[in-house]
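The values are calculated or read from the model by the stated rules, or taken from the named source; none is laboratory data. These numbers were taken from a predicted model, which means no experiment stands behind them. FYI the Cβ positions are ideal-geometry reconstructions off the backbone, even for glycines, and counts take in every protein chain you see.
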Amino acid sequence: MNNLKITFLLVLMTMILVGIGSLFGGQQGMVIAFGLAVVMNFVSYWYSDKIVLRLYRARPADEKKDRKLLAIVNVAAQQAFLPVPKVYVMPSPAPNAFATGRNKNHAAVAVTQGLMDLLSSDELEAVIGHELAHIKNRDILISTIVATIAGTIGILATMARWGALLGGFGGGSNNRSGGSPIALLVMAIVAPLAAMVIQMAISRTREFKADRVGSEITGQPLALASALEKLHTAPVRMKLDDRPATAHMFIANPLSGKGLSKMFSTHPPVKERIKKLQEMAYKPLA
């Protein structure tokens, strides 16, 4: 069901991209939109892991200093039937973690120093299991594609806003040259918001699945529930608000919200995640 939902949302986001490209410049606009998407996907696929690791000043885990972390990752990877990913440590005191890389054979797991200081061994193993689940579920590739399409829509929307202010691209009477200035302006405002809502919905769906699969890998859903509670009540929080482009990658994100703001949250409310994990732990055996 989750895979079907993600497929539907990806198709919907692609339709928005094609629609704004067509309105932006007719057939030529669609070609521009496709070209931007291809270039950005290529860069994201091959270099996104290196970019984000450098962004957070992550260093390779040391065999002596981070021996406990490396041992946990090795065991969890074996349990998940995955190649052992590269392991990195971020110097931040805020507890958090993420997985990156283009596929299971070229993956990396990064944790903060604050995460290792805060969590017990079982909780740390549960978090690693969650990140390995993202790798196993190919969430890294999905999130890259989604972020790239959303970014392309944002670029086209900005260009469309300028086009609307300047009277459109080629005028509204020629369908091959794009839409009217009013239609351009409306699409330029609505399309990025719609793309953001879809992107956040896909991200939330992925987090629920990673919680479940990660708990199956380690066999410790309650440890993951305990870790999530600690991450969301820790006095030092990862300040991701300044970097919304990478917010969806982390296991814990302060952008999560409730009510209407939930639509723009990259993660489900932590109480819902903990509840599902507890239900999983106490579910009677068939």
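Just a few scattered comments:
- The residues on offer are THR218, THR158, and the sole one that is β-branched (Val, Ile, Thr), at pLDDT 70 or above, within 17 Å of ASN137 (Cβ to Cβ) and in contact with a helix residue (DSSP H, G or I) (Cβ under 8 Å, 6 or more places away or on another chain) is THR218.
- Note on region 41-84: residues that are exposed (fewer than 12 other Cβ atoms within 10 Å of the Cβ) and in contact with a strand residue (DSSP E or B) (Cβ under 7 Å, 6 or more places away or on another chain) total 1.
- GLU279 fulfils the conditions (1) modelled with pLDDT under 65; (2) farther than 29 Å from LEU55 by Cβ except for a single criterion, (1).
- Selection status of ALA210, outside any helix (DSSP H, G or I), at pLDDT 65 or above and in contact with a His (Cβ under 7 Å, 6 or more places away or on another chain): no
- Selection from region 48-81 of residues that are closer than 18 Å to ASN105 by Cα and of a type in the set (Lys, Arg): LYS50
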